[in-house]
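No value in this document is a laboratory result; all are computed from the given coordinates. Not measured: the values here are computed from a predicted model. Note: ideal-geometry Cβ built from the backbone for every residue, glycine included; neighbour counts use all protein chains shown.
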Amino acid sequence: MTGLGKFFHNLRLENHEKSKEMAKKLGVTPAFLSAVINGRENCPNSWYAKISKLYNLDSRAQGQLIEHIIYSKDVLKINLKSFSAADCEILQHLAINIDIMSTSDKQKLREIIFKKRA
C-alpha cells in the first residue's frame, strides 16, 4: 500500500467508513479508488480539495494529503503556457538530464531552488 493508500485507510477508519462508502463520496468506483490506493492509478488533482472539504481536514492533515498526492504521481504535468521560452527550455532540459546529473550538482540546484527569499 502506498503512503497515499495508508492516508486514505486511516481517514476511513477515523470516519468509520468502508472503501465503498469513500468511493461513493468521491464519485468513483471502488475499483478505481483501490487502484489509486495501491498506486496503479494516479490520484486525480481534484481530490485534494474534495477530500479536504468532505472530511474537514485540518491544515496538518491537508499538508500530509498534498504531500502524499504529489509523491504518488508517476507523471508530473506542468502547464508551460505562463512560462517564457527560456524558462520552458530550462524545465525541459532539467527533466531530460536530471538522472545524469552528479549528486553535487543536484545539491547545488536544490540550494538554489529552496533558497529562502529575502
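Observations on the structure shown:
- Only one of the listed residues (TYR55, TYR71, TYR48) is within 16 Å of ASN15 (Cα to Cα) and of a type in the set (Ser, Thr, Tyr). That residue is TYR55.
- Members of the range 51-68 that are surrounded by 14 or more Cβ atoms within 10 Å (Cβ to Cβ) and out of contact with any Phe, Trp or Tyr (no Cβ under 7 Å at 6 or more places or on another chain): ILE51, SER52, LEU54, TYR55, LEU57, ALA61, GLN62
- From the list ASN45, ASN56, the lone residue that is within 10 Å of the chain's Cα centre (by Cα) and over 16 Å from LYS6 (Cα atoms) is ASN45.
- Among (1) of a type in the set (Ser, Thr, Tyr); (2) under 16 Å from the mean Cα position of the chain (by Cα); (3) surrounded by 12 or more Cβ atoms within 10 Å (Cβ to Cβ) - the single one TYR71 does not satisfy: (3)
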